[in-house]
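A short worksheet on the structure shown next.
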Amino acid sequence: MNKIYTYKPVRFYSIVFTLTWSFWFIGIIFGKSAADGGLSLLFMLLGLLAPSVTALCTILFSKSTELKRDLRHKLVGLFRVKPLIVLTSILIFGAIVAVSILLSTIFGESLGQFSFADDFSFAGGGVLALVTIIVAAFLEEVGWRGYAEDSIAFYCSWWKESIIFGLVWGLWHLPLFFMPETYQYNILQQSPWYMINFFVSIMPLGFLFTWVYVKNERSILACMIFHFFVNLLQEKIALTQATKCVETFVLFIVAIIVVALNRDMFFETRHIGRLLEDIAAGGGV
């Protein structure tokens, strides 16, 4: 019997950070000149592609039949997607947004936030911004759920994995705060506190993504759908940055509830070292 593939998270994340940050720091340089705005956007998109390209290359050149088959099942295995769970996750996030707006009125924010924003908050708006959201939601997930998340969960519980991945995922975004025309750059110009809130909010959001991922039998497609709706709601609902601080608090409450209701999923250790075991044994489709 062939030896089961051993994930290599340190190597993977080292490559991803090197590629992404290199592209984004080049984009920052070009972004200082209005005439080079197009090049800045190009390098931003190249940075977004780094996790998925690294994951695909890692898997395709791994010599592991099980790892390649697992990726195929996660990408196109519609049998893994649980429509009710995906729909529930979208409705939960919609409720998080609604509750956050209602709570924000305590701090003087307007109910007018229950409306659509005129445009996107980054990358010049319009079609380019929509393309960026699609790339982030669909292609990022190939990297994060294709290899990154599993590479951590191979060695620990999904609870610990969610914490570690949340920290890494947040740090990965850091250069964007210094690249003009990005969402992160725009909120930093408003207040450093909003930058801090962005990093803090990623932690509970990471738990929700893990829940969607595992409950859908590690389906990348399910996470793509959820990621797209999260990005779309965050961009097209007219939330103020003050309300997004309230939203972070609501996210933590919801994440705690989700973990409490799925304790076995988050704290079990049966999967450690065995993520590909069913594939190697000929299980699955």
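The values are calculated or read from the model by the stated rules, or taken from the named source; none is laboratory data. None of these values were measured; they are calculated from a predicted model. Every residue, glycine among them, receives a Cβ derived from its backbone with ideal geometry; neighbour counts consider all protein chains shown.
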Count of residues meeting criterion [farther than 13 Å from Leu221 by Cβ and part of a helix (DSSP H, G or I)] in segment 145-155: 7
For segment 169-193, enumerate the residues that are closer than 15 Å to Pro204 by Cβ and surrounded by fewer than 18 Cβ atoms within 10 Å (Cβ to Cβ). Gly170
Being at pLDDT below 90, within 24 Å of Arg218 (Cα to Cα) and in a helix (DSSP H, G or I) narrows it down to one of Phe30, Phe93, Phe79, so name that one. Phe79
Is it true that some residue in segment 121-140 is under 24 Å from Asp264 (Cα atoms), surrounded by fewer than 17 Cβ atoms within 10 Å (Cβ to Cβ) and either at pLDDT below 95 or out of contact with any helix residue (DSSP H, G or I) (no Cβ under 6 Å at 6 or more places or on another chain) (or both)? no
Exactly one of (1) closer than 26 Å to Ser115 by Cα; (2) among the polar types (S, T, N, Q); (3) at pLDDT 95 or above is unmet by Ser219. Its number? (1)
Which numbered condition trips up Glu109, out of (1) modelled with pLDDT of 95 or more; (2) surrounded by fewer than 22 Cβ atoms within 10 Å (Cβ to Cβ); (3) outside any loop (DSSP other than H, G, I, E, B)? (3)
What number goes with the only condition from (1) within 26 Å of Trp172 (Cα to Cα); (2) in contact with a helix residue (DSSP H, G or I) (Cβ under 9 Å, 6 or more places away or on another chain); (3) in a helix (DSSP H, G or I); (4) modelled with pLDDT of 95 or more that Ser14 does not pass? (2)
Those residues of segment 48-98 that are crowded, with 16+ Cβ neighbours inside 10 Å and within 20 Å of Glu247 (Cα to Cα) come to a total of 6
